[in-house]
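**Student:** Sharing a structure with you now.
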Amino acid sequence: MNKDVSIKDVCIIGAGISGLCTIKELLEQNHRVTCYDSSHTIGGAFNAACEGGKAYRTMRLTISNYFMAYSSFPPCLAEERYYWTAQEYIKYLNEYVSYFKLGEHILFNHQVIHINTKAKRPTITVKTDKGLVENKVFDYVVICSGANASEYVPQFSGQETYTGKIIHSSMFDKHNYQGKRVLCIGLGETGSDVCHLIAQQADSCTVAVRNFPSVVRRYAHNHTNDALTTKILGAAGKAGVDWFMKCQAAIKLKFSKRYSKKERYYFELIKHQNGGFSDRFLTKNDAFIEDIVNGQLTLKKTEIKHIEGNKVMFSDGTHDIFDFIVCNTGYKNNFSFVDCSQLLGNVRDLFKHMLHPQLQTKLALIGWARPTQGGVPVMSEIQARYLAQLLSGKKPWLTQQQLNSRIEQDRHYEESFFKNSTWLKSLVDYHQYMREMASLIDCQPGIQLLQNPGLLIKYWYGSHLSYFYRLQGPGSQPDKMKTVIKALPVAQTKRRSVILTLLSLVNFICGVSIVKKANTT
């Protein structure tokens, strides 16, 4: 072993999708790893879904298998692009744990109740499965408990008078909505399924949103929607993508009569959207649209102004009576167990949503980079790969000045890009994030693409898969990755490819012009 390589005692908190890949990547660099999880098994939020009601267990994920799988452990090649259920995904995670022998490093039913970062080496206070409270000292701590730790339920004016029930969407399957009048707040990805399922039972179902969502259909050209998450789409830039989506919707509405009511409503949503298509979180689930066109669900752009008894008054001046208010309002961060929690509240204060300048040599977050396209597991995996290199001494730690500069650059980019989802601080641009993380790790695909025209076409016009970042560099498996990449067909049409290529060229030329102008002023 290289004597310059550092080996650390590392504590990982959480054995969900982010914790598992972090264990694997750190073990691969020979670090000594202990993972604590407060649950009795792996999977985090996905395991909670499996142990919830039947509806949650059978819901399909909104990200396909090849984007939910880790790059080091792709799905079976016989498996086409497919949306796993939560149960199927837990099966995949268990296979991953077994294959890389991660289980022996995980202590279940162990709750971390405090992290002290003040000393030279961080100290963890943990409540064991036997109820004992112990202090453990480590070289480094990685928090992987995820952004879904605590449900966020907003407070409404007058809600103390409400005679119905206010629940978070995580508990929606515990109730019977037959014959009830239901108000849903928010329409995210899980929320879309929740609204759809409630609409099948309820006497009436209304959804109130701050802004109409950017909806991506589950299937496009007979493929999962993320088959169209391509490098050429990212290269077109935000303005190019917005123009393409709105123009496409307008043309299809004006010149084609063959589309169903559901499809036409989908195009109307895009055409009349306030702002751009990609300046907010993308709802990759269109199940609720069928309910709207069938009259089972009403979508309103409004907010709750006040509640009196069972009557809800809205900011648009309307009011109605409801038996249930279901909050599809997501989750909030909970770092109360960390002594420096105030430094972690906004993940955009962290380099790549993982390293704070004052804490980087003691503590990291993994799992707080949520892409608008693609899945969280591949984002967490590439974060873990970078962290493993840092801890081993194979990559240099950036100086505080470098970190602060890069953090401000990323903050400006993300806040301007996602100006219509300002409350979702974990949001990142998938294409930009993966490119920059790959640059930090030195695993960008290079000469292999030029030597293989088929691979080069897949790189630009096929799915932007994490497997491209294991063709070379640390942890590379070039032969295996080429096989996976070549097995998946290019989903987008030739016409779409040509249009996006032209938009990408325009975006590139405009970018060069801006840089030249900046350099001359």
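The values are calculated or read from the model by the stated rules, or taken from the named source; none is laboratory data. Computed from a predicted structure; not experimentally measured. FYI the Cβ positions are ideal-geometry reconstructions off the backbone, even for glycines, and counts take in every protein chain you see.
**Student:** May I ask you to say which residue of Ala149, Ala235 is under 30 Å from Thr41 (Cα atoms) and among the aliphatic types (A, V, I, L, M)?
**Tutor:** On inspection, the qualifying residue turns out to be Ala149.
**Student:** Might you let me know whether the stretch 93-114 holds any residue that is over 30 Å from Val137 (Cβ atoms), of a type in the set (Phe, Trp, Tyr), at pLDDT 95 or above and crowded, with 21+ Cβ neighbours inside 10 Å? First the steps, then the outcome.
**Tutor:** As a first pass, look at the stretch 93-114 and keep what is over 30 Å from Val137 (Cβ atoms): 94-95, 98-99.
Keeping just the survivors that are of a type in the set (Phe, Trp, Tyr) gives 99.
If we keep only those that are at pLDDT 95 or above as well, we get 99.
Still in the running and crowded, with 21+ Cβ neighbours inside 10 Å: none.
No - not one qualifying residue is present in the stretch 93-114.
**Student:** Here is a list of conditions, (1) over 17 Å from Trp368 (Cα atoms); (2) assigned by TED's automatic domain parsing to the domain that holds Leu359; (3) not in a loop (DSSP other than H, G, I, E, B), and Ile407 meets all of them except one; can you say which number that is?
**Tutor:** (1)
**Student:** Tally time: how many residues in the stretch 37-63 are buried (at least 22 other Cβ atoms within 10 Å of the Cβ), more than 20 Å from Ser98 (Cβ to Cβ), touching a Phe, Trp or Tyr at 6+ places or on another chain (Cβ under 6 Å) and modelled with pLDDT of 80 or more?
**Tutor:** 1
**Student:** What are the pairs, 6+ residues apart or on separate chains, where a residue within the stretch 281-304 that is of a type in the set (S, T, N, Q) has its Cβ under 7 Å from a residue that is part of a helix (DSSP H, G or I)?
**Tutor:** What qualifies is Thr283/Glu189; Thr283/Ser192; Asn285/Glu189; Asn285/Ser192; Asn285/Asp193; Gln296/Ala199.
**Student:** Taking Leu344 as the residue in question, decide whether it is outside the structural domain of Val209 (by TED's automatic domain parsing), on the phi < 0 side of the Ramachandran plot and under 26 Å from the mean Cα position of the chain (by Cα).
**Tutor:** In short, yes.
**Student:** May I pose another question? Of everything in the stretch 303-326, what is among the charged types (D, E, K, R) and over 33 Å from the mean Cα position of the chain (by Cα)? Give them in sequence order.
**Tutor:** Glu308, Lys311, Asp320
**Student:** Now for a different question. Given the condition of a type in the set (Ser, Thr, Tyr) and either within 24 Å of Lys284 (Cα to Cα) or within 20 Å of the chain's Cα centre (by Cα) (or both), answer yes or no: does some residue in the stretch 148-164 qualify?
**Tutor:** yes
**Student:** Here's another thing I want to ask about it. When the residues of the stretch 441-482 are filtered to those that are part of a helix (DSSP H, G or I), modelled with pLDDT under 95 and polar (S, T, N, Q), which remaining residue is surrounded by the most Cβ atoms within 10 Å (Cβ to Cβ)?
**Tutor:** This residue is Gln448.
**Student:** In this structure, is Thr163 out of contact with any Phe, Trp or Tyr (no Cβ under 7 Å at 6 or more places or on another chain) and modelled with pLDDT of 95 or more?
**Tutor:** Criteria met by Thr163.
**Student:** Of all residues in the stretch 332-354 being out of contact with any helix residue (DSSP H, G or I) (no Cβ under 7 Å at 6 or more places or on another chain) and part of a strand (DSSP E or B), which is farthest from Tyr140 (Cα to Cα)?
**Tutor:** Looking at residues that are out of contact with any helix residue (DSSP H, G or I) (no Cβ under 7 Å at 6 or more places or on another chain) and part of a strand (DSSP E or B), I get Lys332.
**Student:** Residues that are over 23 Å from Ala119 (Cα atoms), buried (at least 18 other Cβ atoms within 10 Å of the Cβ) and touching a helix residue (DSSP H, G or I) at 6+ places or on another chain (Cβ under 6 Å): does the stretch 419-428 have at least one?
**Tutor:** The answer is yes, given that some residue of the stretch 419-428 is over 23 Å from Ala119 (Cα atoms), buried (at least 18 other Cβ atoms within 10 Å of the Cβ) and touching a helix residue (DSSP H, G or I) at 6+ places or on another chain (Cβ under 6 Å).
**Student:** Would you mind telling me which numbered condition in (1) assigned to a strand (DSSP E or B); (2) in the same structural domain as Gln200 (by TED's automatic domain parsing) Glu160 fails?
**Tutor:** Evaluating Glu160 over (1) assigned to a strand (DSSP E or B); (2) in the same structural domain as Gln200 (by TED's automatic domain parsing) leaves (1) as the failure.
**Student:** Determine which single condition Phe277 fails, assuming it passes every other condition in (1) crowded, with 19+ Cβ neighbours inside 10 Å; (2) assigned to a helix (DSSP H, G or I).
**Tutor:** It fails just one condition, (2).
Conditions (1) within 30 Å of Ser169 (Cα to Cα); (2) out of contact with any helix residue (DSSP H, G or I) (no Cβ under 6 Å at 6 or more places or on another chain), marked per residue:
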site: Thr206; (1), (2): yes, yes
site: His221; (1), (2): no, yes
site: Thr224; (1), (2): yes, yes
site: Ala227; (1), (2): yes, yes
site: Val241; (1), (2): no, yes
site: Lys257; (1), (2): no, yes
site: Lys261; (1), (2): yes, no
site: Asn294; (1), (2): yes, yes
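**Student:** Which condition number does Gln400 fail, the rest of (1) surrounded by 24 or more Cβ atoms within 10 Å (Cβ to Cβ); (2) farther than 28 Å from Ser278 by Cα; (3) of a type outside the set (Lys, Arg) being met?
**Tutor:** (1)
**Student:** Taking the stretch 484-495, which residues are within 26 Å of the chain's Cα centre (by Cα) and either under 30 Å from Glu28 (Cα atoms) or outside any loop (DSSP other than H, G, I, E, B) (or both)?
**Tutor:** Selection gives Val484, Ile485, Lys486, Ala487, Leu488.
**Student:** In addition: Has the stretch 203-225 got at least one residue that is in a helix (DSSP H, G or I), at pLDDT below 95, touching a strand residue (DSSP E or B) at 6+ places or on another chain (Cβ under 9 Å) and β-branched (Val, Ile, Thr)?
**Tutor:** No - not one qualifying residue is present in the stretch 203-225.
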